[in-house]
1. Show the residue pairs that are 6+ apart or on different chains and have beta-carbon atoms under 8 Å apart, the first residue being within segment 34-45 and in contact (Cβ under 8 Å) with a residue 40 or more places away in the chain, the second being crowded, with 16+ Cβ neighbours inside 10 Å and not aliphatic (A, V, I, L, M).
2. Which pairs do you get when a residue that is closer than 16 Å to residue 29 by Cβ and without any contact (Cβ under 8 Å) to a residue 24 or more places away in the chain, found in segment 67-92, comes within reach of a residue that is in a helix (DSSP H, G or I) and charged (D, E, K, R), reach meaning Cβ atoms under 9 angstrom, with the pair 6+ apart or on two chains?
3. State which residue is modelled with the lowest pLDDT when the search covers only segment 6-39 and only residues that are charged (D, E, K, R) and surrounded by fewer than 14 Cβ atoms within 10 Å (Cβ to Cβ).
4. Among the residues of segment 40-55, count how many are crowded, with 17+ Cβ neighbours inside 10 Å and either at pLDDT 95 or above or farther than 27 Å from residue 91 by Cα (or both).
5. Just a yes or no: is a residue in segment 65-72 surrounded by 17 or more Cβ atoms within 10 Å (Cβ to Cβ), touching a Gly at 6+ places or on another chain (Cβ under 9 Å), modelled with pLDDT of 90 or more and part of a helix (DSSP H, G or I)?
Amino acid sequence: MRIAREAVALVPMSEDAWQAPEVEENLAFVYAWTGDKEKAISTYAHLLSTPGVSPLLAGMNVYVMWHSLWFAPLRGDSRWEALLNDPKNNAPLF
C-alpha cells in the first residue's frame, strides 16, 4: 500500500493527466483488495468525476465496475452501489 501511495505522489494529476489516473486507479484497487473500502470508493468516485484522457482507462466506467471481478470486494457496499447508481456517473458521454 505504501508503494501505491508513493506512485500517486510521484505522478500527480496536476502534472500528468495521461498516466496519473491509471496510477490512482491502481491505488484504489489496492485499497479495495486490502479491505479499505472507504478509501477505495472515495478514490473511484474521484476518478469517475475526473475527465480521463488515457486510453488505458477507457474501459473504466460504471458498466464495467458493476461486472468486473476487479471490483468484487466492493460489491454489496451501499456506498459503492450509490456511486454506481448515481445518474451523473451513468450519463452518456455525448
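1. 37/31; 37/73; 37/80; 41/80
2. Pairs found: 75/81.
3. Going through the qualifying residues, I end up with 15.
4. Of the residues in that region, 2 qualify.
5. No.
The values are calculated or read from the model by the stated rules, or taken from the named source; none is laboratory data. Bear in mind that the values here come from a model prediction, so they are computed numbers and not experimental data. No Cβ is skipped: glycine too gets one built from the backbone with ideal geometry, and neighbour counts run over all protein chains shown.
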